[in-house]
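This report refers to the structure that appears directly beneath it.
The values are calculated or read from the model by the stated rules, or taken from the named source; none is laboratory data. Predicted model only: the values in this text are computed from it and were never measured. Methodologically, a virtual Cβ is constructed for each residue, glycine included, from the backbone with ideal geometry; neighbour enumeration extends over all protein chains shown. Areas reflect the complete protein model, heavy atoms only, side chains present, ligands, DNA and RNA absent. Shrake-Rupley method; radii C 1.70, N 1.55, O 1.52, S 1.80 Å.
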Amino acid sequence: MYLRDVGILLALSPALLFGYAYLVYPALLKLWGALRPEPPRLPDPAQWPLISIVVPAYNEEHAIRRTIEALLGLDYPVDRRQILIVSDASSDGTDDVVREFAHRGIELLRLPVRSGKTAAENAALPHLRGGIVVNTDATIRILPTALKPLIRVFQDPTIGVASGRDVSVGALTIEANEGESGYVGYEMWVRSLETRVGSIVGASGCFYAIRLELHETLVPAALSRDFASALTAREHGYRAVSVDEAICLVPRTVSLQREYHRKVRTMARGLETLWFKRHLLNPFRH
């Protein structure tokens, strides 16, 4: 009888976990958030803070020009932002394209050996001048009006990390793309609910901002800095929030198989990052 009960429980556990993750957890967040007062809307600061925008890039010759032009077109004072492209030992014409924008203030940091996104962000640290660091990708598009809402929230001294809102874009005729779009929309909705009750679990690697003193915290190259950013903020007594108005457009993958493999890599790195910050799993302290 005991073994049969254990077998039934094991058979039902995937459905129970699915139900909690996709139904119970957001329902609890929504209920909890409804009991909290509406947060005040912050005005624009008297002077926008100096920020550093960091873009790791590897062999993005065909995309980096559009990315730089989009960054230059963001609604933010030119004298209050630094844009640094970190070439992760690109072997195509990425570096040459970036150098074309040097006269417009675009800076290039070339790494001698390819080491990955987190290593590129680590290498950029000594070159940053802004008190707030904005991390983004070379293949996404930040809407022109998205940057100010992301930075505006840092007037709240309790906020250490602000994450943008991903919007999945691509060919709607591809079934896998539709599935990815639905999942991204669900994830962004949950982050909004988490923000209302306190703090999000992880930031969007495509577009997020972090206070420099938190960004300087060591993150090993094999881990995910975007996921670690929210955990680091919690360690230092800050909150991490999602900003719905800070929209970035994220291209969808072209097939379900490719998206599956990408999700596996993301989850594996996320679990390694969580293990690195495992002391935060102590419910008596956090």
**Request:** Note down the magnitude of the dipole of the chain about its Cα centre, charges +1 on Lys and Arg C-beta and -1 on Asp and Glu C-beta and zero elsewhere, to the nearest 20 debye.
**Result:** 640
**Item:** Option label - Rg and Dmax of the Cα atoms in Å computed here, alternatives (i) 18.4, 56; (ii) 20.0, 76; (iii) 21.6, 66
**Value:** (ii)
**Message:** Just to be sure I understand: of the beta bridges DSSP finds with both ends in the chain, what percent are antiparallel, rounded to 5?
**Reply:** 30
**Message:** Accessible area per residue for the chain in Å², computed with a 1.4 Å probe and the full protein assembly in place, what is it?
**Reply:** 54
**Item:** Dipole magnitude of the stretch 1-156 about its Cα centre (Cβ charges: Lys, Arg +1; Asp, Glu -1), debye to nearest 20
**Value:** 420
**Prompt:** Which residue, chosen from Gly164, Tyr183, Leu274, occupies the Cα position most advanced towards the positive end of the dipole of the chain, where the dipole is computed from +1 (Lys, Arg) and -1 (Asp, Glu) charges on Cβ about the Cα centre?
**Reply:** Leu274
**Request:** Please find, in a Gaussian network model of the chain (springs between Cα atoms separated by less than 10 Å), the residue of Asp137, Asp88, Asp96 whose mean-square fluctuation is greatest.
**Result:** Asp96
**Fill in**
Reduced to Cα centres, the span from the stretch 68-141 to the stretch 194-273 in Å works out to 19
**Complete:** Over the chain, the sum of -39500 (n - 2.57) across DSSP H runs of at least four, divided by residue number and rounded to 500 deg cm²/dmol, gives at 222 nm -12500 deg cm²/dmol
**Asked** How would Tyr260, Tyr20 rank on accessible area, largest to smallest, probe 1.4 Å?
**Response** Tyr260, Tyr20
**Prompt:** Pick from Ala233, Ala70, Ala146: which residue has the top mean-square fluctuation in a GNM of the chain where Cα pairs under 10 Å get a spring?
**Reply:** Ala70
**Request:** With a length cut of 27 Å (Cα positions projected on each helix's long axis) and a Kyte-Doolittle mean of at least -1.0, go through the chain and give me the DSSP H helices that pass.
**Result:** 175-197, 256-276
**Item:** Separation of the Tyr260 and Val78 label points, Cα + 7 Å toward Cβ, nm
**Value:** 5.0
**GNM result for the chain, Cα springs below 10 Å: residue of Arg165, Arg110, Arg80 fluctuating most strongly** = Arg80
**Request:** Answer with one residue from Ala46, Ile64, Ser90: the one whose Cα lies farthest towards the positive end of the charge dipole of the stretch 29-114, charges on Cβ with Lys, Arg +1 and Asp, Glu -1.
**Result:** Ala46
**Prompt:** Can you pull the percent of the chain's accessible area that's carbon plus sulfur, 1.4 Å probe, other chains left in place?
**Reply:** 62
